[in-house]
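Colleague: Below is the structure I would like to discuss, written out as C-alpha cells.
The values are calculated or read from the model by the stated rules, or taken from the named source; none is laboratory data. Keep in mind it's a predicted model, so treat the numbers as computed, not measured. Neighbour counts run over all protein chains shown; Cβ positions are idealised from the backbone, glycine included. Side chains are part of the model used for accessible areas, which takes the heavy atoms of the whole protein and leaves out ligands, DNA and RNA. Shrake-Rupley method; radii C 1.70, N 1.55, O 1.52, S 1.80 Å.
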Amino acid sequence: MVPWGIAALMLLLPLIAMRFTDDVVWDVTDFAIFGAMLFGACGVYDLTTRMTGSGAYRAAIGIAVVATFILIWINLAVGIIGSEENPANLMYAGVLAIGLFGALIVRFQPLGMAGALAATALAQALVGMIVLVTGSGSAEPGSPGATMFLNGFFTALWFTSAWLFRKAARE
C-alpha cells in the first residue's frame, strides 16, 4: 500500500502547488498523463514484487521502476537533450525498450534481469556518448553538463538494479 499512497500524494502535489504559485500550471491532460504514469509504475511494482519474497529482487524492481518513471517524466516535461521537442530525446525510448524487451525475454528471472538491466545501462551510457560526440545536448545554455549528469545518473541506477538482480539470483 505504501507505493500507492506515495503515488496519491505525488498526484496531489501539483494541485496544491497551483494554489500557491503561478509557476505550476497543469491542465487536465497533465494530471491524466501523470496519473497514468503513477498508476503504471505502481502496478508494475506491485505485480512484479508479488513474484518473489527476495528483498534484493524487490529493491531491484523498485529502482528500475523509479528510473523508468523519472526518465519518462523528465523527457515529457522538459527533455534531457535540449528541449522536450528535440527528436534526439527519442533515443531514451530505445533505452527503455532494451530493458522492457530484455525483461520479457528472460521472463523476469533474476539472473536474466541482471543482464537486461546491464544492457539497459550500457544503452543509456551510449546515448550519453552520442550526445557528447555530436553536441546535440547544447541546444540550451548549460544543458550539455546537465545532460551528461543525467545520463550518468540513470546509468548508475540501471547498473545498481542489475547488481541487485544478480544478488537476488544468488539467494
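Colleague: Only one residue in Ala88, Ala64, Ala93 is open to solvent by less than 50 Å² (accessible area, probe 1.4 Å), under 23 Å from Thr120 (Cα atoms), at pLDDT 95 or above and of a type in the set (Gly, Ala, Ser), so which one is that?
Modeller: Within the list Ala88, Ala64, Ala93, the selection yields Ala64.
Colleague: Kindly indicate which of Gly135, Gly62 is closer than 30 Å to Trp26 by Cα and not acidic (Asp, Glu).
Modeller: Gly62 is the lone residue from the list that is closer than 30 Å to Trp26 by Cα and not acidic (Asp, Glu).
Colleague: May I pose another question? As an exercise: evaluate Ala64 against (1) closer than 20 Å to Trp158 by Cβ; (2) over 15 Å from the mean Cα position of the chain (by Cα) and give the number of the one condition it does not meet.
Modeller: Result: Ala64 passes all but (2).
Colleague: If you don't mind, there's one more thing I want to ask. Restricting the search to segment 67-78, which residues are more than 22 Å from Leu122 (Cβ to Cβ) and open to solvent by less than 60 Å² (accessible area, probe 1.4 Å)?
Modeller: Ala77
Colleague: Restricting the search to segment 13-27, which residues are part of a helix (DSSP H, G or I) and surrounded by 10 or more Cβ atoms within 10 Å (Cβ to Cβ)?
Modeller: Result: Leu13, Pro14, Leu15, Ile16, Ala17, Met18.
Colleague: Could you grab me the full set of residues in segment 116-139 that are surrounded by fewer than 18 Cβ atoms within 10 Å (Cβ to Cβ) and at pLDDT 95 or above?
Modeller: Selection gives Ala119, Leu122, Leu126.
Colleague: Now for a separate question. Could you give me the residue pairs with C-beta distances under 6 Å whose first residue belongs to segment 68-81 and is assigned by the TED database to the domain that holds Ala121, whose second residue is part of a loop (DSSP other than H, G, I, E, B) and open to solvent by 50 Å² or more (accessible area, probe 1.4 Å) wherever it lies, and which are 6+ apart or on separate chains?
Modeller: Taking only residues 6 or more apart or on different chains, the pairs are Val78/Glu84.
One line per residue, one yes/no per condition, for (1) aliphatic (A, V, I, L, M); (2) outside any helix (DSSP H, G or I):
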residue	(1), (2)
Thr52	no, yes
Gly62	no, no
Ile70	yes, no
Ile74	yes, no
Ala93	yes, no
Leu96	yes, no
Gly99	no, no
Gly102	no, no
Met113	yes, no
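Colleague: Would you point out the residue of segment 41-54, among those that are of a type in the set (Gly, Ala, Ser) and free of Cβ contacts under 8 Å to residues at least 24 places away in the same chain, that is most open to solvent (accessible area, probe 1.4 Å)?
Modeller: Gly53
Colleague: List, please: which pairs have Cβ atoms under 8 Å, are six or more places apart or on different chains, and start with a residue in segment 1-15 that is farther than 18 Å from Val44 by Cα and end with one that is of a type in the set (D, E, K, R)?
Modeller: Qualifying pairs under 8 Å: Pro14/Asp30.
For (1) among the hydrophobic types (A, V, I, L, M, F, W, C); (2) touching a residue at least 24 places away in the same chain (Cβ under 8 Å); (3) in the same structural domain as Ile33 (by the TED database), each residue gets a yes or a no:
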position	(1), (2), (3)
Pro87	no, no, no
Gly94	no, yes, no
Leu100	yes, no, no
Phe108	yes, yes, no
Leu126	yes, no, no
Gly135	no, no, no
Leu157	yes, yes, no
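Colleague: With respect to the numbered conditions (1) in contact (Cβ under 8 Å) with a residue 24 or more places away in the chain; (2) within 30 Å of Val25 (Cβ to Cβ), which one is the sole condition not fulfilled by Tyr57?
Modeller: Single failed check for Tyr57: (2).
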